[in-house]
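Before any comments, here is the structure.
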Amino acid sequence: MHLILFSGECFLSVILCDSRRLTKYVLIREYKTWTEARHFCQKNYIDLATVQTDEEWSEINKLRANNLSDTWIGLYDDVNSWRWSFRDKRLTYARWDRAQPDNYGGDQDCVMLHANGYWHDKGCNLKCVVVCQSGKTHILLHTLHIFTDSYKEIVY
Ligand SMILES: [Ca+2]
């Protein structure tokens with residue numbers, strides 16, 4: 001929990017933020033091409049899943065623990081570089097499997113989670129299950145207003 005107190009002249013606001021995470025990923029147990037998956041996630045959630053930290057990589061693999069089919073995520077090759085579908089972000093974190101990406105056959109422009117959780121570049125027209133991204137990371141719980149002239153910040 002993060003408690004922030006900040007004052008005006010004789011006014012103090014208290015914002016309580018709960019650091020529990022909302023469900024961030026949703027496993028879609030339907031077989032789709034990467035492009036179909038992207039459209040589905042953008043229409044029904046936010047986008048295909050973006051994975052940018054060890055924590056997110058673990059979270060997404062926990063979600064698919066009972067369904068180890070190859071699973072599309074939002075990473076693709078835009079010819080010049082690997083990009084995330086969500087906000088067109090550049091690749092800054094990767095969990096490629098050994099010898100990947102190899103662009104086998106010259107047309108592997110989309111990325112899936114293999115059964116072992118690591119990433120493989122694959123042909124975008126393969127049909128796989130999908131992980132979409134949804135929700136925000138933190139919940140704003142309360143805002144309180146207190147009269148005071150002090151300033152304080154507390155992090156639990
Ligand atoms: Ca490959």
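Laboratory data are not the source of any read-out in this text; all were calculated from the coordinates shown. Given the structure is predicted, the values throughout are model-derived calculations rather than measurements. Ideal geometry is used to build each Cβ from the backbone, glycine not excepted, and the neighbour counts take in all protein chains shown.
Quick notes on this one:
- Length gained on full extension, residue 79 to residue 43: 10.4 nm, using 0.36 nm per residue less the C-alpha separation.
- Gyration tensor (alpha-carbon) shape descriptor, region 21-137, a/c threshold 1.5: rounded
- Net charge over other residues, Cβ less than 15 angstrom from the Cβ of residue 83 (K, R count +1; D, E count -1): -2
- Cα-projected label distance for residue 94 with residue 31, points at 7 Å along beta-carbon direction, nm: 2.9 nm
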